[in-house]
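Below: one structure in structure tokens.
The values are calculated or read from the model by the stated rules, or taken from the named source; none is laboratory data. None of the values given here were measured: they were computed from a predicted structure. Positions of Cβ are generated from backbone atoms using ideal geometry, with glycine treated the same way; all protein chains shown enter the neighbour counts. Side chains included, ligands, DNA and RNA excluded: accessible areas come from the protein's heavy atoms. Shrake-Rupley method; radii C 1.70, N 1.55, O 1.52, S 1.80 Å.
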Amino acid sequence: MKSIILAAGRGERLRPITDTVPKCLVPVNGRPILEYQLAALSGSGIRKCVIVVGYLASQVEERFGSSYGGMDISYVLNQDFSSTNNMYSLWLSRHEVDDDILLLEGDLLFEAGIISDLLNTRFLDTAVLDNFDLSMDGTVVIGRGNQAARMVLKVKQTAEFDYSGALKTVNIYTFSKATMNEFVLPCAADYISSGDKNQFYEAVIANLIDRGDLTLRIHLTNGRLWREIDTPGDLIRAE
């Protein structure tokens, strides 16, 4: 299995910290967010990692080079990071999808056990999810047994949206090589060819679930800690 980390964005809501460093290199208790991720991946047996970089890309490459903890690292550059979103970054990495994929975003801090637990299940096409509470924000999943019945992006969560039974996306997924190449990447290409590069990759996943082209398995965090770091408040809570 190969990991893809989406880390091209600037992190506007973390300014002024991100005026001089990319979001994935923002330090949490003295270590960059991305270093925690690489340590978790390498410690769980991942041997190849692709990082999609964009804003201040050279800083990431200079910091980690071509390997970390016995794991090979390569880079894909999203030169249009300022006008695109993470779906486009994922699509740019399409030539690297020669294996099953562990996908995550570069602004996540999490217990390393989340990765090892996920890999130990041996299941693919899986989303890591947590029980939703009102302090959370972003995409949610409505489950049906151990599968996702729907994925609902924040933009589609109306004032009347019923959060009972909702699960929060942690933004860590596994996908088989076949699912990526036959469904995820072609669906992303459809958005891009229509002129929509500024889209979240969750829109692709939600679309595939609705179409019946993707059966997405649920994997709960089971109390393991994680934090998406978007704001100074998130950073304080993460530390």
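Yes or no: the range 217-228 includes at least one residue that is under 18 Å from the mean Cα position of the chain (by Cα), among the charged types (D, E, K, R), over 22 Å from residue 49 (Cβ atoms) and open to solvent by 30 Å² or more (accessible area, probe 1.4 Å).
Yes, some residue in the range 217-228 is under 18 Å from the mean Cα position of the chain (by Cα), among the charged types (D, E, K, R), over 22 Å from residue 49 (Cβ atoms) and open to solvent by 30 Å² or more (accessible area, probe 1.4 Å).
Just one of the numbered conditions (1) touching a Lys or Arg at 6+ places or on another chain (Cβ under 7 Å); (2) within 20 Å of residue 237 (Cβ to Cβ) is not true of residue 48; which one?
Answer for residue 48: the failing condition is (2).
Kindly indicate the residue of the range 82-93 that is among the hydrophobic types (A, V, I, L, M, F, W, C) and in contact with a strand residue (DSSP E or B) (Cβ under 8 Å, 6 or more places away or on another chain) and also least open to solvent (accessible area, probe 1.4 Å) among those meeting that condition. It would help to see each step written out before you state the result.
Let us first name the residues in the range 82-93 that are among the hydrophobic types (A, V, I, L, M, F, W, C), namely 87, 90-92.
Filter again for in contact with a strand residue (DSSP E or B) (Cβ under 8 Å, 6 or more places away or on another chain), leaving 90, 92.
On the way: 90: 7, 92: 37 Å².
Ranking the qualifying residues of the range 82-93, first place goes to 90.
Looking at residue 35 and the list (1) in contact (Cβ under 8 Å) with a residue 60 or more places away in the chain; (2) within 16 Å of the chain's Cα centre (by Cα); (3) farther than 21 Å from residue 202 by Cβ, which single condition is not satisfied?
The one condition residue 35 does not meet is (1).
Moving on to the next point. Select from the range 13-53 the residues that are small (Gly, Ala, Ser) and open to solvent by 10 Å² or more (accessible area, probe 1.4 Å) and list them in ascending order.
Across the range 13-53, the qualifying residues are 30, 39, 42, 43, 44, 45.
Which residues, counting only those in the range 71-80, are open to solvent by 20 Å² or more (accessible area, probe 1.4 Å) and either in contact with a Lys or Arg (Cβ under 7 Å, 6 or more places away or on another chain) or of a type in the set (Asp, Glu) (or both)?
Correct list: 72, 80.
Test residue 58 against the stated conditions and say whether it is touching a strand residue (DSSP E or B) at 6+ places or on another chain (Cβ under 9 Å), of a type outside the set (A, V, I, L, M, F, W, C), loosely packed, with under 15 Cβ neighbours inside 10 Å and more than 21 Å from residue 201 (Cα to Cα).
no
Which pairs turn up if I take residues in the range 160-187 that are within 23 Å of residue 212 (Cβ to Cβ) and look for partners that are surrounded by 23 or more Cβ atoms within 10 Å (Cβ to Cβ) and small (Gly, Ala, Ser) with beta carbon separation below 7 Å, at least 6 apart in sequence or on another chain?
169/127; 173/127
Within the range 106-165, how many residues are under 26 Å from residue 27 (Cα atoms), of a type in the set (Phe, Trp, Tyr) and open to solvent by 60 Å² or more (accessible area, probe 1.4 Å)?
0
Here's something else I'd like to know. Kindly indicate whether residue 96 is at pLDDT 95 or above, more than 28 Å from residue 130 (Cα to Cα) and open to solvent by 60 Å² or more (accessible area, probe 1.4 Å).
Criteria not met by residue 96.
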